[in-house]
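Below is one structure, written out as structure tokens; the observations come after it.
The values are calculated or read from the model by the stated rules, or taken from the named source; none is laboratory data. Nothing here was measured: the structure is a model prediction, and the numbers come from that model. In this analysis, Cβ positions are derived from the backbone assuming ideal geometry, glycine residues included, and neighbour counts consider all displayed protein chains.
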Amino acid sequence: MTSLEQSSGPLPMIRFNGITKTYDGGRPAVDDLSMDIDRGRITVFVGPSGCGKTTSLRMINRMVEPTSGTILLDGQDVALQKAAELRRSMGYVMQSSGLMPHRSVIDNIATVPRLNGVPRAEARARATELLDVVGLASELGRRYPGQLSGGQQQRVGVARALAADPPVLLMDEPFSAVDPVVRAELQEELLRLQRDLAKTIVFVTHDIDEATILGDKVAVFAVGGRLAQFAAPEEILRAPVDDFVAGFVGRDRGFRHLSFQQGDHVTVHPIETIEVDQLADPTVSVRSAWTLLVDADGRPHGWVPQATRGSIATQADAVPGGSLYTRGDTLRRALDAALSSPSGLGVAVDDDGRAIGVVRAAEVFELIERARLDRGRADHNTAV
Amino acid sequence: MDWVQGIVEYIPANAALLRELTGNHLVQSILPIVFGVLIAVPLAQIARLNQPAGAVMLTASSLLYTIPSLAMFVFLPLVLGTSILSMVNVVVALTIYAVALLMRSTVDALNSIDDGVRQAAVAMGYTPLRRFLTVDLPLSVPVLIAGVRVISVTNISMVSVGALIGVPSLGRLFTDGLTRNYPEQIAVGILVTLLLALVLDLLLVLLERGLTPWTRATPARTARAAALEARTVAA
Ligand SMILES: Nc1ncnc2c1ncn2[C@@H]1O[C@H](COP(=O)(O)OP(=O)(O)O)[C@@H](O)[C@H]1O
Ligand SMILES: [Mg+2]
């Protein structure tokens, strides 16, 4: 208790406290790992094969016992909890779907609730709902796992992990065995699910792209079970702490890297604005093709095209705007704002959300292109 | 032709005797299968969990299998204190053979279960006993029943050996037929024994089908499955 209260911030969902794991006789598979895993977020363990990701994950639910150190789940030492019960409080998804071949899809999904003593009918009803949640037709519920495609099996694996509504999900390379198209689809759906469910997810992968797509935070493991860097994905891509991380992240990753590049030097142009109150006032005229509608605080609320000025009398009549670009955001955000805006002008706002001007798509493109060329030249130089 | 007629006439004339001997024969064949499974399965699991002990147990069971059945039938009453004519001797002897044979095939069956499935069961939070009973065992059924089918056929023929020392079974039709030089009786004995073996085997096949519906669910995707999948992807 005491040591936890001394730490700053909210209680982490999972805390690794000086964890070392040495399988008999060998060198450590995980070496003195200490890290906090945020509640309700996706934390990704990424690194080359054999660097201790699976071992670290499995120590959380005690499928592997650490050689030394403690793991706290919600402040409680997992070593003091009954292994079987602890595991039922966490969903687990693995690479081979691990579905029971002798049980129907529905009964596979209902596994953990059944272990917890939920009556069969109730567990099956819930399982049927979950089929829908993971995007499978309910007719598939009566099939056996062997009758499903690889991608469908992984969806069932996710549904099974969610069945008892555990606060924590452990996922060990869940999408590595499916083809790239299905993988992208599954990643997207995981993010969609996570928006609704806000589980604490620990996700293992060897794929840095997957890690940056999914992770709120990414832990890069190095050979020998060392935690090399633990940070937001943008930071890992932009500022790898050492040669190992830089090498793992890869030099030939121009576009993604750029998309995280700060957009500080994007030019913000002035824009004509009209306040909501002035809409009904016929004496206020507009000169530009597009006028930005703002409230009394200067926050953007859509666009008024010149041609329709007379017929737009309230905020609801205005043409809805696109995404916003806050100064300092990445180039990708700037581009998004410009491309999603009906006027072709991306609305730039300050930190308080007040409109400060607009960015132009063509100019953002140019910056991206220039940065890509710079990067290519730098790579060429190091290669020589 | 007389021969065939002799057989056909023998059956109704000796219906009561045939019924009694068939009953005896079935009891002595089936009980060892049931006991054999009940004993071999837990022993197999113990042998798997405890490697050195397991190796000793498997070797010992192979050795037991080499003891001739007649020797066993004669020897067991001395150990068990049963009458030499008791069916118990045959049941115990055949149970020992069944355990010896089933233990090895059960160990193989349990070892052949996909490791991913086992890991997943652990991760889901199964207790070891529950996992054994509801995951490992059902998945071992095909191999287990293959072993049981071998034992069932072997038992049907081995039970007859007991008749040599006077334990009642269909074997008596052979011993009796031989001393009385009554070939029709021997022929009926062979026919009924054959029939029993076939029926028992058929029942075991049906049992396996009932216990393993998933093995016949075709992985090859039907048009319906493909349509369902297309819908899933579109959704
Ligand atoms: N059960 C085990 N027994 C012995 N060594 C193991 C076992 N599991 C993993 N290891 C070793 O520990 C190291 C880390 O393995 P693992 O955690 O599976 O890595 P990753 O998931 O990152 O590929 C590897 O060198 C591996 O060989
Ligand atoms: Mg692994």
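Helices (runs of 4 or more DSSP H) fully within the range B:53-152 that include at least 1 residues being under 19 Å from the mean Cα position of the chain (by Cα): B:69-80, B:87-111.
Strands (runs of 3 or more DSSP E) fully within the range A:143-228 that include at least 2 residues being within 14 Å of chain B (Cβ to nearest Cβ), crowded, with 18+ Cβ neighbours inside 10 Å and touching a residue at least 12 places away in the same chain (Cβ under 8 Å): A:168-172, A:200-205. With in contact (Cβ under 8 Å) with a residue 40 or more places away in the chain and either within 16 Å of ligand 1 (Cβ to nearest atom) or of a type in the set (A, V, I, L, M) (or both) as the only criterion, which of A:LEU115, A:LEU73, A:LEU80 stands out? Result: A:LEU73 is the single residue among A:LEU115, A:LEU73, A:LEU80 that is in contact (Cβ under 8 Å) with a residue 40 or more places away in the chain and either within 16 Å of ligand 1 (Cβ to nearest atom) or of a type in the set (A, V, I, L, M) (or both). Scanning the range A:174-217 for residues that are within 16 Å of ligand 2 (Cβ to nearest atom), closer than 12 Å to A:THR43 by Cβ and hydrophobic (A, V, I, L, M, F, W, C), we see that the one that is nearest to the chain's Cα centre (by Cα) is A:ALA211. Residues in the range A:105-115: is at least one assigned to a loop (DSSP other than H, G, I, E, B), out of contact with any helix residue (DSSP H, G or I) (no Cβ under 9 Å at 6 or more places or on another chain) and modelled with pLDDT of 95 or more? Scanning the range A:105-115, I find no residue that is assigned to a loop (DSSP other than H, G, I, E, B), out of contact with any helix residue (DSSP H, G or I) (no Cβ under 9 Å at 6 or more places or on another chain) and modelled with pLDDT of 95 or more, so the answer is no. Checking each residue in the range A:55-72 for being more than 17 Å from A:MET13 (Cβ to Cβ) and away from ligand 2 (no atom under 13 Å from the Cβ) picks out A:GLU65, A:PRO66, A:THR67, A:SER68, A:GLY69.
Annotation: of all residues in the range A:277-324 being of a type in the set (Gly, Ala, Ser) and not in a loop (DSSP other than H, G, I, E, B), the one that is surrounded by the most Cβ atoms within 10 Å (Cβ to Cβ) is A:GLY302. If I ask for residues that are touching a helix residue (DSSP H, G or I) at 6+ places or on another chain (Cβ under 8 Å), away from chain B (no Cβ under 11 Å) and surrounded by fewer than 14 Cβ atoms within 10 Å (Cβ to Cβ), which ones from the range A:120-142 would you list? Once the filter is applied, which keeps residues that are touching a helix residue (DSSP H, G or I) at 6+ places or on another chain (Cβ under 8 Å), away from chain B (no Cβ under 11 Å) and surrounded by fewer than 14 Cβ atoms within 10 Å (Cβ to Cβ), the range A:120-142 yields A:ARG120, A:GLU122. Give me the pairs: first residue in the range A:14-37 and in a strand (DSSP E or B), second residue aromatic (Phe, Trp, Tyr) and away from ligand 1 (no atom under 12 Å from the Cβ), beta-carbon distance under 7 Å, and six or more apart or on different chains, which are they? Every condition considered, the pairs that remain are A:LEU33/A:PHE16; A:SER34/A:PHE16; A:MET35/A:PHE16; A:MET35/A:PHE230. Scanning the range B:10-47 for residues that are of a type in the set (S, T, N, Q) and within 20 Å of the chain's Cα centre (by Cα) yields B:THR22, B:ASN24, B:GLN28, B:SER29, B:GLN45.
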